[in-house]
Amino acid sequence: MTDIPAPSPAPRIEDYGLVGDCETAALVSPDGSIDWLCWPRFDSGACFAALLGTPENGRWRIRPAQAYTQTRRYRPGTLILETLFETATGAVRLVDFMPPRDDASDIVRLAIGESGRVTMEMELVIRFDYGRTVPWVSRLSDGTLRAIGGPDMVVFRTPVPFRGENMRTVAAFEVAAGETVPFALTYGRSHEPVPLSTDTAAALADTEAFWRDWSARYEPAALDGNVTLPAHWHRAARRSLITLKALTYAPTGGIVAAPTTSLPEWPGGVRNWDYRYCWLRDSALTLFALMNAGYYDEAAAWRDWLVRAMAGSPDQMQIMYGISGERQLLEWEVPWLAGFAGSRPVRIGNAAAAQTQLDVYGEMMSLLHQARMGGLPESPEAWAIQVAMLRRLRVIWREPDYGIWEVRGPARHFTFSKLMVWLAFDRCIKSAETFGLDTCPLDEWRATRGEVAADILARGWSEEAGAFTQSYGDLALDASLLLLPSLGFLPEGDPRIRRTVEAIEQGLVVDGLVHRYSTTQVDDGLPAGEGTFLACSFWLVEALVQIGRLGDAESLFERLLAMRNDIGLLAEEYDPLAGRQLGNFPQAFSHVALVNAAHRLAAAKVGSGGGAEAVRTG
């Protein structure tokens with residue numbers, strides 16, 4: 001009699017793998033269940049939403065029908081996920097991928113017999129509109145299954161016999177050594193013809209070639225002839241770069257912060273946000289990492305996206321947009337989803353789009369200066385927008401804002417925001433001087449840069465705290481100021497840099513990992529409680545390098561690498577006590593910081609003093 005596999009424990013956030021086609025992405029659990037997919041775009045409604053609810057909210061699972069063990073990996077240099085199921089009767093490799101798009105979007109799953117003979121089971125539960133809408137399902141004359149709900153259509157094709165059962169599609173089949181059993185799910189608009197069938201073997205070859213060609217271009221040695229990453233650092237950085245590429249939206253050049261919404265920053269808590277949008281800050285930092293690794297095509301595409309998204313009056317600039325430049329990102333709560341591990345509310349949209357966050361100006365201006373320094377052809381439209389943005393920034397820089405962490409408490413004069421204002425003027429001055437961009441008020445910019453610097457030094461430094469503090473007039477610390485050594489704001493060796501880094505070590509580090517700030521000491525408008533922030537912990541690695549503590553930096557970096565999941569992915573935060581990842585997944589910010597830290601450490605180890613930087617551009 002066939003053994004029935006034991007019920008799988010509830011997955012942790014880091015248990016998932018990612019597949020995607022640079023337009024959307026799916027999360028796959030270790031037991032072969034696709035529990036999250038928004039189709040056809042990152043910000044579309046999810047047709048598989050079990051991640052934030054139950055199986056009834058949609059999933060697609062393929063696994064052995066008997067007890068098994070599993071291991072998984074990505075094919076090297078690709079986003080093709082392979083899960084190896086081993087049973088008492090044989091082994092099956094499940095290969096999951098999303099081919100780069102032509103006219104349609106597909107998810108392909110291949111069950112490949114490795115040894116023996118294994119009985120497998122499949123369950124397909126399609127629920128449009130974030131797990132709410134049960135589709136109208138019909139079987140077409142060629143055996144294709146078509147599911148329609150409002151504007152959405154999904155078609156399912158496989159040679160395996162399947163049947164309907166309790167509003168699901170199920171199948172049982174066997175795979176013998178040397179056999180491949182294909183499954184393909186394709187998205188289309190319900191008013192259009194049924195999409196053509198997919199040649200799954202050709203799709204696999206095309207997908208592998210796409211990712212291998214892209215990832216093979218990563219050569220950190222090209223940044224500095226003396227810099228060579230240790231092999232395991234190189235593998236980690238390349239995996240992070242592939243993940244960042246997967247978060248780009250190819251049709252427009254937009255970059256999402258993560259492909260998920262509402263994965264909690266603390267289990268059972270309310271800090272659950274929708275990250276499927278394009279933050280100017282996150283996009284800029286992502287592109288720094290890509291450019292520092294030699295990828296400039298993505299920077300050119302994002303610059304064009306920025307020109308379109310920013311069209312209009314600079315005083316209407318938002319800190320985030322939709323992936324095509326949409327401005328209306330209204331936040332609402334999904335009452336029918338229970339939330340990951342019961343963490344509610346589940347939110348769609350993001351009200352932070354309406355916030356003023358002055359630091360965004362600095363990250364964007366720094367990125368565009370770096371792009372010019374790297375040889376990206378000049379764009380008159382982009383420079384005109386930069387000039388207009390600085391005209392606006394000269395008016396508003398003295399106002400309080402909501403900061404890099406998007407607090408939902410009162411606006412304040414955040415020190416990091418003011419530092420980024422200084423950076424915005426400094427980098428635009430450098431661009432104008434270096435590239436002869438004379439259609440700008442250089443004297444005004446220089447004067448404002450000096451005013452901002454004087455303001456930061458007078459009001460951002462606290463002798464009592466022994467550090468630059470989170471905001472003017474308080475004693476709270478903020479991990480964003482770990483980036484201070486990279487900015488060029490203070491002379492190298494200024495004691496205030498070391499004192500700030502060491503104060504953050506003493507005040508915000510728990511079990512060696514860094515909190516953004518103390519949620520019990522700072523009024524951010526939300527109940528206290530969140531994990532340590534992985535990007536900030538990588539920032540500490542860089543800061544330690546810059547104050548001469550290379551051994552400590554390397555030890556921390558190795559520890560952070562060990563916190564990735566088994567296939568190299570990171571969420572936004574980490575709970576060191578429970579040993580689990582928290583927040584949306586995978587998170588661009590974390591992977592950006594990993595790449596930058598790897599490059600800086602490698603440069604420091606050979607004594608070059610250079611390497612990739614989080615926001616510095618020369």
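The values are calculated or read from the model by the stated rules, or taken from the named source; none is laboratory data. Not measured: the values here are computed from a predicted model. Glycine gets a Cβ as well: all are built from the backbone with ideal geometry, and neighbour counts include every protein chain shown. Ligands, DNA and RNA are stripped out before the accessible areas are found, and what is left, the full protein with its side chains, is counted by its heavy atoms. Shrake-Rupley method; radii C 1.70, N 1.55, O 1.52, S 1.80 Å.
For the stretch 92-109, enumerate the residues that are part of a strand (DSSP E or B) and either open to solvent by less than 10 Å² (accessible area, probe 1.4 Å) or at pLDDT below 95 (or both).
Going residue by residue through the stretch 92-109, those that are part of a strand (DSSP E or B) are 92-97, 105-109.
Residues satisfying the conditions are Val92, Leu94, Val95, Asp96, Phe97, Ser105, Ile107, Val108, Arg109.
Of all residues in the stretch 475-519, exactly one satisfies the criterion of being closer than 12 Å to Thr415 by Cα, touching a residue at least 24 places away in the same chain (Cβ under 8 Å) and over 26 Å from the mean Cα position of the chain (by Cα), namely Ala476.
Taking the criterion of being at pLDDT below 95 and out of contact with any strand residue (DSSP E or B) (no Cβ under 8 Å at 6 or more places or on another chain), the residues of the stretch 549-588 that qualify are Leu577, Ala578, Gly579.
When each of Glu56, Glu82 is tested for being open to solvent by 20 Å² or more (accessible area, probe 1.4 Å), modelled with pLDDT of 95 or more, of a type outside the set (A, V, I, L, M, F, W, C) and not in a loop (DSSP other than H, G, I, E, B), the lone residue that passes is Glu56. Has the stretch 349-370 got any residue that is within 30 Å of Asp35 (Cβ to Cβ) and β-branched (Val, Ile, Thr)? Looking through the stretch 349-370, none of the residues is within 30 Å of Asp35 (Cβ to Cβ) and β-branched (Val, Ile, Thr).
Screening Leu330 against (1) in a helix (DSSP H, G or I); (2) touching a Gly at 6+ places or on another chain (Cβ under 7 Å) leaves a single unmet condition, (1).
Could you check the stretch 122-137 and list, in sequence order, the residues that are open to solvent by less than 30 Å² (accessible area, probe 1.4 Å) and either of a type in the set (Asp, Glu) or part of a strand (DSSP E or B) (or both)? Can you show your working first?
Here is the first cut: in the stretch 122-137, the residues open to solvent by less than 30 Å² (accessible area, probe 1.4 Å) are 122-128, 130-131, 135.
Hits for the stretch 122-137 are Met122, Glu123, Leu124, Val125.
Going by the conditions given, is Thr198 in a loop (DSSP other than H, G, I, E, B), under 21 Å from Asp96 (Cβ atoms), out of contact with any Phe, Trp or Tyr (no Cβ under 6 Å at 6 or more places or on another chain) and not hydrophobic (A, V, I, L, M, F, W, C)? Here the answer is yes, as Thr198 does meet what is asked. For the stretch 477-492, the count of residues that are of a type in the set (Asp, Glu) and open to solvent by less than 10 Å² (accessible area, probe 1.4 Å) is nonzero.
Name the one entry in Ser29, Ser115 that is surrounded by 20 or more Cβ atoms within 10 Å (Cβ to Cβ), polar (S, T, N, Q), at negative phi and in contact with a strand residue (DSSP E or B) (Cβ under 7 Å, 6 or more places away or on another chain).
Numbers: Ser115 fails: surrounded by 20 or more Cβ atoms within 10 Å (Cβ to Cβ).
Going through Ser29, Ser115 in turn, just one is surrounded by 20 or more Cβ atoms within 10 Å (Cβ to Cβ), polar (S, T, N, Q), at negative phi and in contact with a strand residue (DSSP E or B) (Cβ under 7 Å, 6 or more places away or on another chain): Ser29.
Restricting attention to the stretch 171-197, the residues being among the polar types (S, T, N, Q) and either within 29 Å of Asp297 (Cα to Cα) or crowded, with 20+ Cβ neighbours inside 10 Å (or both) number 1. Entry remark, the stretch 144-159: residues being open to solvent by 10 Å² or more (accessible area, probe 1.4 Å) and under 24 Å from Leu110 (Cα atoms) number 5 in total.
Taking the stretch 349-388 on its own, how many of its residues are of a type in the set (D, E, K, R) and touching a Gly at 6+ places or on another chain (Cβ under 9 Å)? Give the derivation first.
Taking the stretch 349-388 and keeping what is of a type in the set (D, E, K, R), we get 359, 363, 372, 378, 381.
Subset that is touching a Gly at 6+ places or on another chain (Cβ under 9 Å): 359.
Number satisfying all stated conditions: 1.
Taking strands (runs of 3 or more DSSP E) that do not extend beyond the stretch 140-189, which have at least 3 residues that are closer than 19 Å to Trp39 by Cα and either of a type in the set (Asp, Glu) or free of Cβ contacts under 8 Å to residues at least 60 places away in the same chain (or both)? Before the answer, list the steps.
Details: elements: 145-149, 152-157, 163-165, 168-176, 180-189.
In the stretch 140-189, the matching strands (runs of 3 or more DSSP E) lie at 145-149, 152-157.
Listed by position, the helices (runs of 4 or more DSSP H) inside the stretch 488-573 whose residues that are closer than 24 Å to Glu14 by Cα number at least 2 are 534-546, 550-562. With a requirement of 2 or more residues that are touching a residue at least 60 places away in the same chain (Cβ under 8 Å), closer than 26 Å to Gly77 by Cβ and open to solvent by 10 Å² or more (accessible area, probe 1.4 Å), the helices (runs of 4 or more DSSP H) lying completely within the stretch 221-319 that satisfy it span 231-246, 280-292. Does Arg73 satisfy the condition of being of a type in the set (Lys, Arg), surrounded by fewer than 16 Cβ atoms within 10 Å (Cβ to Cβ), under 26 Å from the mean Cα position of the chain (by Cα) and within 30 Å of Ala209 (Cβ to Cβ)? It is true that Arg73 is of a type in the set (Lys, Arg), surrounded by fewer than 16 Cβ atoms within 10 Å (Cβ to Cβ), under 26 Å from the mean Cα position of the chain (by Cα) and within 30 Å of Ala209 (Cβ to Cβ). Scanning the stretch 314-358 for residues being closer than 16 Å to Thr260 by Cβ and of a type in the set (A, V, I, L, M, F, W, C) gives a total of 10.
Against the test of being of a type in the set (Lys, Arg) and closer than 14 Å to Phe173 by Cβ, the options Arg139, Arg117 yield a single qualifying residue, Arg117.
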